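Working notes for the structure below.
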Amino acid sequence: MFNISPLLRRLLVLLLFLVLQAGAVVMLVNNSYFQQNAILNFIRARQISLWERHSSWVAFTNLKEINQQLALENNRLLNEISRQKDPSTGSDFQAEDTIALRDSFSYMPARVIKNSVNRQHNFLIIDKGTQDGLEQDMGVISSRGIIGVVSHVSDHYAMIISMLNTQQRFTAELKKSGTFGTLRWDGVDYRRVYLSEIPQHIEISVGDTVVSNVFSLVFPPGIPIGFVKSGSLKRGTFLELEVELFEDFKSLHYVNVVSHVGAGEIRQLMENLQEEDL
Amino acid sequence: MNDFLKYFLRFVVIMAAQLLLFEGLTLGTYLYPMPYILFLLLFPSTYPSWQLMLWGFAFGLGMDTLSAGVMGLHTASFVMLGALRNNLIKLIAVKGDFDDLTVPGFRSFGFARFTLFVLMSVSVHHLVYFNLESFSFFLFWQTFARLLCSLALNVFLILLFKRTFFEHKR
């Protein structure tokens, strides 16, 4: 072909290597699933329909288990209704509380069409998107715990950063004492997460329930997440608790997307505050 | 058959197998089957490494976009393997071991040296892949364990598939 000296040739090969590797690292750094989606809308649409078919087949074969889950949830909701009924009149309790209304959560059921548990950064894809009113940063829960946060939305689908993601942190608290800490996954076992930054003086016993935090803008407070399995002192200052999740992420078929009516306003307020600080 | 066409066909078949079969296997955190690495090991020993890199880049990009994971992981590790593969062959080759058309394999290298070659190649790929995936040395021992377990699995799978599908009978 051409007569290039071996040295120049080596340099060119090295240059090509650097260019290709730089390309890969750039992709890695500003990685976004739905950017890929924009580029590959055509392929992605077919892929999603494939995943959808697969997940509906899996859901069909697991109908018995799903029915059980639904029955349990129905039971829990019935209990909730009876608890909210006004005991004196026996009629449904009508709240005329506008503050509560402003701070309320609404739920939207969705079906999981893609899920993984064996990566360091696990994602879910659900079959609801902007057309169903989904937005970024909404929380996703199931009947047995919190699942993750909506990270990207397209017209009919949304991608969720799973709780099983080593880069993701959530706030959670101990139901008994109300002490809150940071919940994170260590990337090993999809049934186990860690609740850290719990002060030493808090008394903890094995089996204590961990629930979602009141201050969270994403999740409704008090959703059970898991129970404490063991605890250890970290760096002599804080307790780190091993939490076993109630939810089995591997057999997740239906989730609820939570939208918090006041969240946008509160976020706005906090942003204003930060700007003033600067 | 035209060589390029042959490689392209392999490209499609191996990627399809990886995406449709092996990506769906959930064997736990520690085992990630990635037998697609075999793709780069099937090129002739004297295939220019810049072309290997381009093949690796294309294949990795395809894997990344189609498998709905973090972008760039497969690409970075496969380009790295493409760049180093020929040097690995030189490491284990004996003088007069191959002519231009020899493909690395059990017959040309012998079982022990070919296994060593596969082991080194998969190690290069996995070192890049798992370290980039965890993106920190915070979970070093865990990343290390994932690397080793997947390494053992993938070397086994690659040797198996090489033996089963890509060794020409004579």
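Would it be correct to say that A:GLU242 is out of contact with any strand residue (DSSP E or B) (no Cβ under 8 Å at 6 or more places or on another chain) and farther than 30 Å from A:SER56 by Cα?
no
Which residue out of A:GLU276, A:GLU247 is out of contact with any Leu (no Cβ under 8 Å at 6 or more places or on another chain), modelled with pLDDT of 85 or more and among the acidic types (Asp, Glu)?
A:GLU247
What are the residue pairs meeting all of these: first residue in region B:82-93, first residue without any contact (Cβ under 8 Å) to a residue 24 or more places away in the chain, second residue in a helix (DSSP H, G or I) and buried (at least 22 other Cβ atoms within 10 Å of the Cβ), Cβ atoms under 7 Å, and 6 or more apart or on different chains?
none
Considering only region A:168-188, state which residues are part of a loop (DSSP other than H, G, I, E, B) and away from chain B (no Cβ under 14 Å).
Hits for region A:168-188 are A:LYS175, A:LYS176, A:SER177, A:GLY178, A:THR179.
Within region B:48-66, identify whether any single residue is under 22 Å from B:PHE114 (Cβ atoms) and assigned to a loop (DSSP other than H, G, I, E, B), and answer yes or no.
So far as region B:48-66 goes, yes, one or more of its residues are under 22 Å from B:PHE114 (Cβ atoms) and assigned to a loop (DSSP other than H, G, I, E, B).
Within region B:32-43, does at least one residue satisfy the condition of being in contact (Cβ under 8 Å) with a residue 40 or more places away in the chain, within 11 Å of chain A (Cβ to nearest Cβ), under 27 Å from A:LEU50 (Cα atoms) and surrounded by 15 or more Cβ atoms within 10 Å (Cβ to Cβ)?
There is at least one residue in region B:32-43 that is in contact (Cβ under 8 Å) with a residue 40 or more places away in the chain, within 11 Å of chain A (Cβ to nearest Cβ), under 27 Å from A:LEU50 (Cα atoms) and surrounded by 15 or more Cβ atoms within 10 Å (Cβ to Cβ).
Could you count how many residues in region A:209-243 are more than 22 Å from the chain's Cα centre (by Cα), free of Cβ contacts under 8 Å to residues at least 40 places away in the same chain and surrounded by 19 or more Cβ atoms within 10 Å (Cβ to Cβ)?
1
Scan region A:232-262 for residues that are part of a strand (DSSP E or B) and of a type in the set (Phe, Trp, Tyr) and jot them down.
A:PHE238, A:TYR254
Within region A:228-242, does at least one residue satisfy the condition of being modelled with pLDDT of 85 or more, under 30 Å from A:LYS114 (Cβ atoms) and not β-branched (Val, Ile, Thr)?
Checking region A:228-242: at least one residue is modelled with pLDDT of 85 or more, under 30 Å from A:LYS114 (Cβ atoms) and not β-branched (Val, Ile, Thr).
Can you confirm whether region A:267-278 contains a residue that is buried (at least 17 other Cβ atoms within 10 Å of the Cβ) and closer than 27 Å to A:ILE126 by Cβ?
So far as region A:267-278 goes, no, none of its residues is buried (at least 17 other Cβ atoms within 10 Å of the Cβ) and closer than 27 Å to A:ILE126 by Cβ.
Pairs needed: first member in region A:169-192, more than 16 Å from A:GLU242 (Cβ to Cβ); second member anywhere, surrounded by fewer than 22 Cβ atoms within 10 Å (Cβ to Cβ) and among the charged types (D, E, K, R); C-beta distance under 9 Å; at least 6 residues apart or different chains.
A:ARG169/A:ARG184; A:LYS175/A:ASP208; A:LYS176/A:GLU203; A:LYS176/A:ASP208; A:SER177/A:GLU203; A:SER177/A:ASP208; A:PHE180/A:GLU197
Can you tell me which residue within region B:62-83, out of those that are surrounded by fewer than 21 Cβ atoms within 10 Å (Cβ to Cβ) and more than 8 Å from chain A (Cβ to nearest Cβ), is farthest from the chain's Cα centre (by Cα)?
Among them, the one singled out is B:SER67.
Could you tell me which residue of region A:244-266 is surrounded by the most Cβ atoms within 10 Å (Cβ to Cβ), considering only residues that are touching a Gly at 6+ places or on another chain (Cβ under 6 Å) and either among the acidic types (Asp, Glu) or within 14 Å of chain B (Cβ to nearest Cβ) (or both)?
A:GLU247
Quick one: count up the residues across region A:190-217 that are part of a loop (DSSP other than H, G, I, E, B) and charged (D, E, K, R).
The number of residues fulfilling the criteria is 3.
Tell me, yes or no, whether region A:157-172 has at least one residue that is exposed (fewer than 15 other Cβ atoms within 10 Å of the Cβ) and at pLDDT 85 or above.
Within region A:157-172 (the criterion being exposed (fewer than 15 other Cβ atoms within 10 Å of the Cβ) and at pLDDT 85 or above), the answer is yes, since at least one residue qualifies.
Here's the yes/no breakdown for (1) within 14 Å of another protein chain (Cβ to nearest Cβ); (2) in a loop (DSSP other than H, G, I, E, B); (3) at pLDDT 80 or above; (4) within 30 Å of A:PHE246 (Cα to Cα):
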| residue | (1), (2), (3), (4) |
| --- | --- |
| A:LEU16 | yes, no, yes, no |
| A:GLN36 | yes, no, no, no |
| A:PHE60 | no, no, yes, yes |
| A:LYS64 | no, no, yes, yes |
| A:ILE99 | no, no, no, no |
| A:ALA110 | no, no, yes, yes |
| A:ASN118 | yes, yes, yes, yes |
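Could you go through region B:13-27 and let me know if any residue there is within 14 Å of the chain's Cα centre (by Cα), in contact (Cβ under 8 Å) with a residue 40 or more places away in the chain and surrounded by fewer than 18 Cβ atoms within 10 Å (Cβ to Cβ).
no
A quick yes/no check of all residues on (1) among the polar types (S, T, N, Q); (2) farther than 30 Å from A:ALA45 by Cβ:
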| residue | (1), (2) |
| --- | --- |
| A:LYS128 | no, no |
| A:ASP155 | no, no |
| A:GLY178 | no, yes |
| A:GLU197 | no, yes |
| A:SER212 | yes, yes |
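Can you find a residue that is charged (D, E, K, R), closer than 14 Å to A:SER216 by Cα and outside any strand (DSSP E or B) anywhere in region A:144-167?
Scanning region A:144-167 turns up no residue that is charged (D, E, K, R), closer than 14 Å to A:SER216 by Cα and outside any strand (DSSP E or B).
The values are calculated or read from the model by the stated rules, or taken from the named source; none is laboratory data. Computed from a predicted model, the values in this text were never measured in an experiment. Every residue, glycine as well, gets a Cβ built from its backbone with ideal geometry; the counts of neighbours run over all protein chains shown.
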